[in-house]
Amino acid sequence: MQNVLSLILGGGRGSRLYPLTKQRSKPAVPIAGKYRLIDIPISNCINSDLNRIYVLTQFLSVSLHRHIANTYKFDPFSRGFVEVLAAQQTNEAADWYQGTADAVRQNIRYVHEDGAQEVLVLSGDQLYRMDFRQLMATHRESRADMTIAVLPVDKAHASSFGILRLDDTGRVVGFVEKPQTDAQLEPLHTSEDWIERRGITGRGRPYLASMGIYLFNRDVLIELLNAPPLATDFGKEIFPNSISTHHVQAHLFDGYWEDLGTIQCYHEANLALAGDTPPFDFHSPNGVMYTRMRFLPASRVSGASMTQCLISDGCVIQSGTRLERCVVGVRSRIGHKATLRGSVVIGADRFETDDERAENQRRKIPDLGVGDGSVIESAIIDKDCRIGRNVQIVNRKSLKDFDGDNFVIRDGIVVIPRATAVPDGTVI
């Protein structure tokens with residue numbers, strides 16, 4: 001095993017995926033039906049022989065803690081662990097995490113206590129597969145103080161990322177956060193021949209974007225976190241400020257990578273995984289993505305039509321229903337003659353019994369799942385929602401961003417927050 005400590009920033013302040021939950025915390029957000037986003041960085045660590053992992057979260061999410069505790073169990077003789085560290089108000093820090101760097105600073109004693117000489121800092125909102133041993137090799141061979149993973153992008157995408165400028169050895173000598181003009185982009189242009197000499201196709205992608213994946217020498221990390229004025233964020237402060245004072249090296253990466261920190265990116269990535277040629281394989285021989293073992297029955301589909309869909313375990317999809325480009329999470333129940341297009345249904349934490357459904361009818365509340373005759377388009381239905389019969393969730397007014405009583409719209413995508421009940425006949 002590698003002598004590296006991994007820190008996954010899994011629940012920062014002001015999460016951009018906030019509409020997926022009524023809590024301010026970031027729960028174990030699902031991806032591709034049965035997985036959780038947090039499974040991705042943890043699996044990448046395990047596949048890279050890294051087994052000492054802390055997950056730093058703003059609040060103690062019960063679902064996240066339960067998922068990690070029930071999924072990642074190591075041999076007691078291996079010293080391996082995956083442990084959640086939630087923000088706490090103490091005498092030293094009377095506030096919640098103010099950013100990614102502040103989150104690590106508030107938990108710095110765990111870095112001191114561990115014997116690792118290097119610390120890997122990762123995000124919990126990304127979908128990718130990376131062998132961190134290659135990142136470590138770049139870091140050690142260059143004798144860097146800090147190494148950052150970068151991805152070649154074209155000019156159209158460069159304005160959405162922090163873009164780096166390198167010297168011929170791959171050392172970072174410049175950085176601009178989300179450059180918007182040609183004048184800003186010109187000095188950041190990297191020779192496509194230089195990129196290709198490193199085994200990566202650079203044609204049409206001459207800009208190197210930060211992936212938010214950092215490897216630090218432990219003492220350097222501690223020094224940077226304690227330097228006044230105290231920085232709160234790695235990407236906006238620690239990394240740019242260290243370029244002129246420390247040896248910061250770039251590690252080139254060219255696999256699939258998506259930041260799923262916004263509703264639009266999360267929605268699009270899920271639907272892409274349901275396509276005929278999905279861009280990401282969870283069971284690649286280059287590294288399996290692990291998740292919790294659930295002892296659920298096979299899904300039951302009765303006379304329904306499905307095109308380009310992912311259907312998770314324990315689902316019931318009834319006759320006459322049509323699903324097009326959908327991801328359906330565990331224990332989902334979809335009634336008769338419903339239509340779902342381009343939507344993500346997260347699923348449910350439990351099954352309802354026949355007696356409970358009879359009680360729902362008496363109380364005039366919808367059952368868990370999607371009711372008969374409902375139409376849902378370009379939407380995300382969060383966990384444990386109750387969508388009644390003949391409901392239309394279609395963004396009828398074509399709104400881009402809006403906050404309703406029991407829904408929100410972000411980038412034109414309707415989000416029904418967790419455990420929301422939408423009455424029969426509702427039109428959104």
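The values are calculated or read from the model by the stated rules, or taken from the named source; none is laboratory data. This is a predicted model, so every value here is computed, not measured. Quick reminder, even Gly has a Cβ in these numbers, built from the backbone with ideal geometry, and neighbours come from all protein chains shown. All accessible areas refer to the heavy atoms of the entire protein, side chains included, with ligands and DNA or RNA removed. Shrake-Rupley method; radii C 1.70, N 1.55, O 1.52, S 1.80 Å.
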(request) State, to one decimal in nm, how far the label point of ASP233 lies from the label point of SER284, with both points 7 Å from Cα in the Cβ direction. (result) 2.9 nm
(request) Go through 158-166, 185-193 and give me the packing order, highest mean Cβ count within 10 Å leading. (result) 158-166, 185-193
(request) Show that you can apply the helix-only estimate: for the chain, add -39,500 (n - 2.57) for every DSSP H stretch of four or more residues, divide by all residues, and state [θ] at 222 nm to the nearest 500. (result) -5500 deg cm²/dmol
(request) Keeping every protein chain in place, order LYS236, LYS155 by accessible area at 1.4 Å, biggest value first, i.e. largest first. (result) LYS236, LYS155
(request) Once you have a ≥ b ≥ c as the square roots of the Cα gyration tensor eigenvalues for the stretch 239-326, tell me rounded if a/c is under 1.5, and otherwise prolate or oblate according to whether a/b is larger than b/c. (result) prolate
(request) Would you kindly state how much longer the chain becomes between ASN241 and SER299 on full extension, computed as 0.36 nm times their sequence separation minus their alpha carbon distance, in nm to one decimal? (result) 15.7 nm
(message) Under 16 Å between alpha carbons, and skipping anything fewer than 8 positions from LYS236 in its own chain: which aspartates and glutamates qualify?
(response) ASP102, GLU177
(message) If I compute solvent accessible area with a 1.4 Å probe over the protein chains, what percent of it on the stretch 330-383 is carbon and sulfur?
(response) 45 percent
(message) I'd like to check one number: the per residue accessible area of the stretch 223-357, probe 1.4 Å, reported in Å² as a whole number.
(response) 47 Å²
(request) List the chymotrypsin sites (Phe, Trp or Tyr not before Pro) within the stretch 205-280 that fall in a DSSP loop (any state other than H, G, I, E or B) and whose Cβ has at most 10 other Cβ atoms within 10 Å. (result) none
(request) Could you order HIS246, HIS112, HIS336 by accessible surface area, starting with the largest, using a probe radius of 1.4 Å? (result) HIS112, HIS336, HIS246
(request) Give me the distance between the Cα centres of the stretch 233-256 and the stretch 403-428, rounded to whole Å. (result) 39 Å
(request) At most 16 other Cβ atoms within 10 Å and a DSSP loop assignment: could you name the trypsin sites (Lys or Arg not before Pro) in the stretch 341-415 that fit? (result) ARG350, LYS364, ARG396, LYS397, LYS400
(request) Check the straight Cα-Cα distances from LYS73 and name the lysines below 26 Å, setting aside those fewer than 8 residues away within the same chain. (result) LYS26, LYS34, LYS383
(request) Go through the stretch 60-165 and name the GluC sites (Glu not before Pro) that are in a DSSP coil and have 12 or fewer other Cβ atoms within 10 Å of their Cβ. (result) GLU92
